[in-house]
Structures are given as C-alpha cells and as structure tokens.
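The values are calculated or read from the model by the stated rules, or taken from the named source; none is laboratory data. Quick caveat, the model's predicted, so the values are computed rather than measured. Methodologically, a virtual Cβ is constructed for each residue, glycine included, from the backbone with ideal geometry; neighbour enumeration extends over all protein chains shown. All accessible areas refer to the heavy atoms of the entire protein, side chains included, with ligands and DNA or RNA removed. Shrake-Rupley method; radii C 1.70, N 1.55, O 1.52, S 1.80 Å.
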Amino acid sequence: MLPKIDPTTTKSWAKLSELSAKETSISDLLKNSNRLDQFTFDFSDFHFDFSKNNLSSDVMQSLINLAEECGLKEGIKAMFDGDPINETESRSVQHVALRAREKEEVEKELRKVKSFTEKLHSGDWTGYSGKKITDIVNIGIGGSDLGPKMITYALRPYWKNVTPHFISNVDAAQTVETLEGLNPETTLFIIASKTFTTQETITNALSARSWFLENGGTKETISKHFVAVSTNEPAVTEFGILSENMFEFWEWVGGRFSLWSVIGLSIACAVGFDEFEKLLQGAKEMDDHFRTTETSKNLPIISAMIGIWYNNFKGYNSMAILPYDHRLRYLPSYLQQVDMESNGKYVDRSGNEVNYQTGPIIWGEPGTNGQHAFYQLIHQGTKIIPCEFIGIVNPAHKFSDHHEKLLANFFAQSEALLTGKSRSQVLNEVDDEADEILINSKIFKGNRPSTSILIKELNPFNLGKLIAYYEHRVFTQGLIWNIFSFDQWGVELGKQLSKPILKEIKENREGNHDHSTISLLKKFQSMRK
Ligand code: F6P
C-alpha cells in the first residue's frame, strides 16, 4: 500500500510556499560556485544538467524533505515489492519486474519472442505462399502502440530485414494508407491489446483480416499472418488466433508501462531480440538507481521534485519535451500518455478531491522543428514553460555538419531562455530610428527554466534508461500528489457514451442528449452523403 499523506499538510509544503514568494534569478543562482556540483550529474552515458532551473539550494532541500515527509521511500519499496499499489483496480504494478528478469513466467514469454523473431529474421517463418515476411504491422492503441512505435523509430539504425508499421486510429484513413503499400503474402500482423476488447484495435484487426482474405489469404493461412499480444486468451482465440500464436502478459503490467513486456514484440521484430534485451537492461540500470540512490542524487526524484516546485508553487502548469533528435520524434506523444494518463487526476488516495494542482500538460516536438513553430511563445509568451532539452552527442549518421548545427541550436535555446536579451543589447543592435514598439518587441526577459540531458548515443541500452527515468519521475510525482497513478478511470466516460451514439448513427435516429449534442448529430446526419 502507498502512504496516504496530503502533501499540503506537511511542514515542507508550508516552507516551500514561503520560499515561493521570493523572486529569484537563475543567472544569479548560477553565479554560485557550487551550483554545478549540486545540480549536474553524470550517470553512465548521460549528463543531466538541472542547473538552469529556477530554484535555490534551499528550495531543493525543502523539496527533498517533502519527498521524505510524503513517504516516497516507502512508496518506492511498495512498488518494487509488488504490493497492490494500483488500489482501485486491486493490482500490483510490476513493469520493473519485466526488467529485473527474475520471474519464470516473464522468461518463458521472452524465450517465445526470441524464437519467433529469430524465425522471422532467418526466413524460417514464411507467409502462405512460402515467401519471407518483409513487413510487420502492429495494430494497437495507447500503451499498445505509443511505446513500441516510439522505441522502434528511435532505434531506426538497428532495424533488420523487416519493416515495421503501426496502425492505431479507428479512422480507417490510417489503415488504408498503411495497407496500400503492403503485400498480404509477406505481411504479418501483430494484434496488440492488453484487454483485447479495445474498439479501435478490434475494428482495425477485423479490417486487416478482411483485407488479407480478400487479397489471396485464406482462413487456413491466417495463422501464418496474424499473431496476438494480450492478457486475454479467450478473446484472442475467439478472434481466430491460435493460442500458440499468442504472446502473453499479465494484469500487473499497466498498458502505458507495457513496452517492456511482449507488447514490445514489434520492437523485437524490428531490431532483433538481442537489442530488445539491451533496452530492458538499460531500464534495469535506471530502476536500480531509482531504488537505491539517496534522494539528493536520485535523477528521477530530482526531476520530479523540480516539476512539483513549478506546478504547485510557481504556477507553471505545462512542460515541453524537446528532443533534439528526429529519431525521438514520438517521445513527446508517448510521454503524454505515460504522464497525463497517470497523473491527470483530482481524486486523492483517500477518495477526496485535491485542492492543489496535479499532472502538468505535457507536450513537445523535436528540435529544431519546434523552434520554427512554438518557441516564440516559450521565449516571449506570457506563460512560463519549463523545457526539457534532450541532445544526443554522437549521431548514427555521418553528416557531422548537420549534427553540429543541430546541437548548436540545442545549446543556444536553453542559453537564450536563461539569459534573454536586455534593452541595452537591443539598442546596440537596432538603428537609431528604431521606435519603442520595435525595441520592446526585441527584448527577451530571460530567466526561463530548462533542464538539459546529454546522451552519448541513442542505443537501446541508453533508450531503456531514458524511458525508465521518465516512468519513475511520473511515479514520484503521483506519490507526492497522493493520487493513484496506475489507473485511468478518466478514459471510460467518453468510451461509454460513444456506444449509444454509434447505435443512433447507424439507425439514423435521435437519442437522449443535451441540446448541443443533439443538434450536432442532426447536422451530421443532414450533411452526410
Ligand atoms: O483508453 C485507455 C487505455 O485503456 C490505455 O490505458 C491503454 O494503453 C489503451 O487503452 C489500450 O488498451 P488495450 O491494450 O487493452 O487495447
């Protein structure tokens, strides 16, 4: 069980409220000669620089005290011990056990993944006409899509001889677009769904099966082209997939934490089992760090507590994730689910409504693209957006000029956010006739916070560490906010309401809704061809 402590009742919360009244300058904080010792960390191939955040050592110390007062250490122990900390679903939360590799059931499934991917890559697993599989299509959504897709594209240089594709949306436009370029003889579908009841996934799986049957496949050869990843064997068999072609995982693996389980089958198909294992090893290294390192040096905890400072004491309610790497382009959307589905909650662990902020809005885009889109607001908007920059030191390509330009931008952006541009600097730049409007528009106030993470190279091992860092940050923040991070009741209502509406649409009749929804549905029916 997790502790149930209202964070606002702690001494540290009161202290932090007091400290938050004082305006501080990050540039001034950086003048302290100990700043870098306290706020930068080397961790194997990583360098974390938290020094450009707007908080003093006193604030950091109070945040560490807050973590202690809220029972973080006990919470971490409870998760690693496999306690049923997902209380509203009566489940334990054991994605860390998938990386620890101590459970025989986990090993058994991994052996199955190994043998399957080896057969796929060697060409021993063929399609119905005897041809080698050239393309795999993962059909899943949410945690059964975002994690595998993000990792697979991040590991593009490691791809073997099978091209991965991902279908998630119930919008058939994505299905049609994906299937257009594929040959059923050489395509294998992975139907990935923890519950195997998700509307989008089952609809797409049925359409993929029809496409297969209409284009040369037969009922007898479905088993060569469809495999499933799920916890729900009866539903998988009912769909027509043989249980020997099902990869199993367990209810103690949350959907958004499941890429480490057989939900990662598409990753292993793309990059090979050995690289998939390295991903697990990397995550395990971060797990060990999180479980055993003292709070003041614990990377996910420091990062989480800085986020709490911004969200709860400074009123900064969003956070930008800015990977300076095209291969990490799906990281922001993946993190949106991990963070916002986990911590977007207003009911606390005692069932009461909280009177403080919980999960921030997570968003972002890779650099440098974002610079030409929304950075204007980050630099000169009325909102303060803490940014997390991620830079890869050694790229997998040989275009060093591109990479130096990319990284120059990576360094320049956090510097610009910090230092800004003063009136006198602007005056030195503009000609004498420049009016006040132009001068004021060119001033940057600066003092805008950021964290920079430098990673030696983007390999499976390091990627595993990076993702585990985020998972533990989310866990830590949810623990402090006294909410349940591992359920997701907030996604249910919309799903429920869509069922009668679907029926009404199909039967072309009106149901019982609010005036606006009725009017929208009527408009839809009248505009429909
Ligand atoms: O709708 C939210 C959700 O339940 C996510 O938590 C989950 O990752 C996703 O749907 C997909 O669920 P499943 O893997 O059961 O299809």
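Candidates Val253, Val236: the one that is within 16 Å of the ligand (Cβ to nearest atom) and not in a helix (DSSP H, G or I) is Val253. Out of Ser261, Ser266, one residue alone is in contact with a Pro (Cβ under 7 Å, 6 or more places away or on another chain), in contact (Cβ under 8 Å) with a residue 40 or more places away in the chain and within 15 Å of the ligand (Cβ to nearest atom). It is Ser266.
Only one entry in Glu457, Glu433 is modelled with pLDDT under 95 and open to solvent by 60 Å² or more (accessible area, probe 1.4 Å), namely Glu433. Of note, Glu118 does not satisfy the criterion of being surrounded by fewer than 20 Cβ atoms within 10 Å (Cβ to Cβ), free of Cβ contacts under 8 Å to residues at least 24 places away in the same chain, out of contact with any Lys or Arg (no Cβ under 8 Å at 6 or more places or on another chain) and not hydroxyl-bearing (Ser, Thr, Tyr). Among the residues of segment 466-495, those that are among the aromatic types (Phe, Trp, Tyr), closer than 23 Å to Pro332 by Cβ and not in a helix (DSSP H, G or I) comprise Trp481, Phe486. Within segment 118-158, being of a type in the set (D, E, K, R) and within 16 Å of the ligand (Cβ to nearest atom) holds for Asp145, Lys149.
Taken together, Ser498, Ser526 contain a single residue that is assigned to a helix (DSSP H, G or I), open to solvent by 20 Å² or more (accessible area, probe 1.4 Å) and within 16 Å of the ligand (Cβ to nearest atom), which is Ser498. Residues in segment 386-407 that are among the small types (Gly, Ala, Ser) and within 26 Å of the chain's Cα centre (by Cα): Gly391, Ala396.
Do we find that Glu109 is more than 16 Å from Trp211 (Cα to Cα) and assigned to a helix (DSSP H, G or I) in this structure? Yes.
Within segment 209-233, the set of residues being touching a Phe, Trp or Tyr at 6+ places or on another chain (Cβ under 7 Å), of a type in the set (Gly, Ala, Ser) and more than 15 Å from the ligand (Cβ to nearest atom) comprises just one member, Gly217.
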